[in-house]
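One structure is given below, encoded as structure tokens.
The values are calculated or read from the model by the stated rules, or taken from the named source; none is laboratory data. As the structure is a prediction and not an experimental result, all values here were calculated from the model. Don't worry about glycine lacking a Cβ; one is built from the backbone with ideal geometry, like all the others, and counts go over all protein chains shown. In case anyone asks, the SASA skips ligands and DNA or RNA and just uses the protein heavy atoms, side chains included. Shrake-Rupley method; radii C 1.70, N 1.55, O 1.52, S 1.80 Å.
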Amino acid sequence: MSDFTNFRAVYDELTDEVTRASNQFLPDHLRNWFDQLDNTPRVSEIVARLQHGVHIEEWLRQAVDTKNLEFGREREKALGTKLLLFRTVSDKKQDIGLLGFHFFHVSRNVNDNAGAFVAQVFSPMARELRRYLEGELARPDREKVPVPAPVPASDRTVSVDHNSKDYLDADAAMERLETALREANDFPDVLEREQREAEVSAARRLLRATLVRLEPLAVLLKPILVVYATKVKDGIVAHAATATVTALIALIGALAPLFKTMLGL
């Protein structure tokens, strides 16, 4: 279990940073917390499985309407719902201070309400998730855990807020990737370069829709992103591809693990 011990040391540190953060900085600390989950082999697979099939927008609407934070009695589904709930905060789609005010209303101070939500929901969830991960990673048959069924088409669609910073960052990163492809002198094949530039341009147009399906986006970008973000480390195209991957993952949010799988990352 030495591998999990190393993971847990960082996990506990990042968890503590979330619990100490003010409302203003909670999304940033949550994003760091999720980055560790999403970028740790095996852990990311377990987290993706927990989140599979959870419709967080529908759950959140019902919770807000009823003022009832009911996560259900199924351990895995409850964990997945809580994870996706806090992903909406890390993506700045929800404000944790407002959630705390709505469900707990401990005072008029936004930090007090955010702290109450963290204490009552995030901290117990983080402890439960750590225990769950430890149990799953210790299973001798973990390799045999069934892979979830293919995600339905409705769950492979991401909603894009074109006024959000994440969208603007992603579009700017893809524009820089287009420029890098167009101006690169060391690209091995001129015809392939033109093809990749056209694919990135088409992917940018896809993102101009409010609802974007992940499959065509991944198909268009995979040939350039996988090679230049993972294998070719130097050059303007490689740096632009890496930046594009980072920006798109931030934009896609909760479906980022699925998108990374589609890309082969």
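According to the square roots a ≥ b ≥ c of the eigenvalues of the Cα gyration tensor, what is the shape class of segment 74-121, taking rounded for a/c under 1.5, prolate for a/b larger than b/c otherwise, and oblate for the remainder? Verdict is oblate for segment 74-121.
Could you work out which residue, out of THR88, THR242, THR210, moves most in a Gaussian network model of the chain, that is, has the largest mean-square fluctuation with Cα springs under 10 Å? Most flexible of the set in this elastic network: THR210.
Name all residues of segment 92-111 having a backbone nitrogen under 16 Å from the label point set 7 Å from the Cα of SER159 along its Cα→Cβ direction, giving them as ranges. In segment 92-111, the label zone of SER159 (backbone N under 16 Å from the point 7 Å along Cα→Cβ) covers 92-95. Post the alpha-carbon centroid distance, segment 29-51 to segment 172-225, in whole angstrom. Here the two parts' Cα centres lie 27 Å apart.
I need the calculated FRET efficiency for the pair ARG31 and GLU183, taking r as the beta carbon distance and R₀ as 30 Å, to the nearest 0.05.
About 0.40, to the nearest 0.05.
Report in % the part of the accessible area of the chain that belongs to carbon and sulfur, leaving out ligands and nucleic acids; probe 1.4 Å. Within the chain, the accessible surface is 51 percent carbon and sulfur. On a straight-distance basis, which aspartates and glutamates could pair with LYS165 in a cross-link, Cα separation under 17 angstrom, same-chain partners fewer than 8 positions away excluded? Those aspartates and glutamates meeting the cut-off are ASP28, ASP91, ASP95, GLU175. Rg/Rh for segment 12-67 stands at 1.06; both radii use Cα atoms, and Rh follows the Kirkwood definition.
Of the peptides 111-124, 244-257, the ranking by mean beta-carbon count within 10 Å, highest at the top, reads 244-257, 111-124.
Between 0 and 90 degrees, the angle of helix 75-90 with respect to the longest Cα principal axis of the chain falls at about 60 degrees.
With protein chains left intact and a 1.4 Å probe, residues in segment 1-73 average 58 Å² of accessible area per residue.
Once you keep just the Cα pairs under 8 angstrom separated by 6 or more residues, what percentage relative contact order results for the chain?
17
Between ASN109 and LEU168, the distance separating the two model label sites (each 7 Å from Cα on the Cα→Cβ line) works out to 3.2 nm. Annotation note: GluC sites (Glu not before Pro) in segment 28-130 located in DSSP loop regions with a Cβ neighbour count of at most 12 within 10 Å are GLU70, GLU74.
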